[in-house]
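What follows is a single structure, written as structure tokens, with notes after it.
The values are calculated or read from the model by the stated rules, or taken from the named source; none is laboratory data. These figures come from a predicted structure and were not determined experimentally. Glycine gets a Cβ as well: all are built from the backbone with ideal geometry, and neighbour counts include every protein chain shown. Just the protein is used for accessible areas: all its heavy atoms, side chains included, with ligands, DNA and RNA removed. Shrake-Rupley method; radii C 1.70, N 1.55, O 1.52, S 1.80 Å.
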Amino acid sequence: MKVKTLASKLQEMVEVVKEKDPAIRSSIEVILYPSFWAVINHRIAHSLYQKKRFFLARLISQISRGLTGIEIHPGAQIGKRFFIDHGMGVVIGETAEIGDNVMLYHGVTLGGTGKDKIKRHPTVGDNVLIGAETIVLGPVTIGSNTKIGAGSVVLEDIPANVTAVGSPTKIVRKDGVRIKPTDPSEFTKKKKQAV
């Protein structure tokens, strides 16, 4: 039973890489992909972390970092169909929570600010795309079905179903429709006023 489950999970991971990266032409090429190994290693390290085998979890995490250039803390919670394109320089902190079907590009940081003590890292909803070299800091939430443009700096919550870009981040699309660039905090104010 467990072997079948493991095989189906590996097959799903192979399919995700092939689906998300058009440069991959065959299943065998996937084994050359750093994010494939980073995610496998994270799944193993996270399982050990949950069993309070912290040293072994960190050892696997650090070896994986050296081999792939992708640093994922074993405490980070990552959903299904997670994909990192290219991958070099990605950093995901211990209390980060990532939903299903999330895609990150190289150089993305889901980090802390040093100010928070318990929940220190971002929460990312389902079906989110975060562009290259984007920095998301602190216990902020990025809503589901959201896209964050390359090179953005996210320091406050971003609602669902938007596209946000820049530093400071501005929302430029809502539900697929272009809007006047708006601070994310304006969406929070509107939401509170509607309640």
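Each principal axis of the range 1-106 carries a Cα extent, and these read 39, 36, 24 Å when sorted largest first.
As a fraction of the 1.4 Å probe accessible area of the chain, surface on carbon and sulfur atoms comes out at 59 percent.
Placing unit charges on C-beta atoms (Lys and Arg positive, Asp and Glu negative, everything else neutral), compute the dipole magnitude of the chain about its Cα centre in debye, rounded to 20. If you can, show how the numbers build up before the last one.
Numbers: 28 positive and 18 negative charges, 107 e Å.
Around 520 debye, computed over the chain.
The local environment of GLY138, defined by Cβ-Cβ distances under 15 Å, has a net charge of -1 under the rule Lys, Arg +1 and Asp, Glu -1. Other residues lying with their Cβ under 11 Å from the Cβ of ALA164 contribute a combined charge of +1, Lys and Arg counting +1, Asp and Glu -1.
Of all DSSP bridge pairs formed entirely within the chain, close to 20 percent run antiparallel. Under a Cβ-Cβ cut-off of 14 Å, what is the net charge of the residues other than GLY75 that fall near it, where Lys and Arg count +1 and Asp and Glu count -1? Local charge sum for GLY75: +4.
Normalised by residue count, the chain yields a Cα convex hull volume of 141 Å³ per residue.
Which pairs break 28 Å Cα to Cα here: LYS51/LYS117; LYS115/LYS180; LYS20/LYS115; LYS18/LYS52? Flagged as over cut-off: LYS115/LYS180; LYS20/LYS115; LYS18/LYS52.
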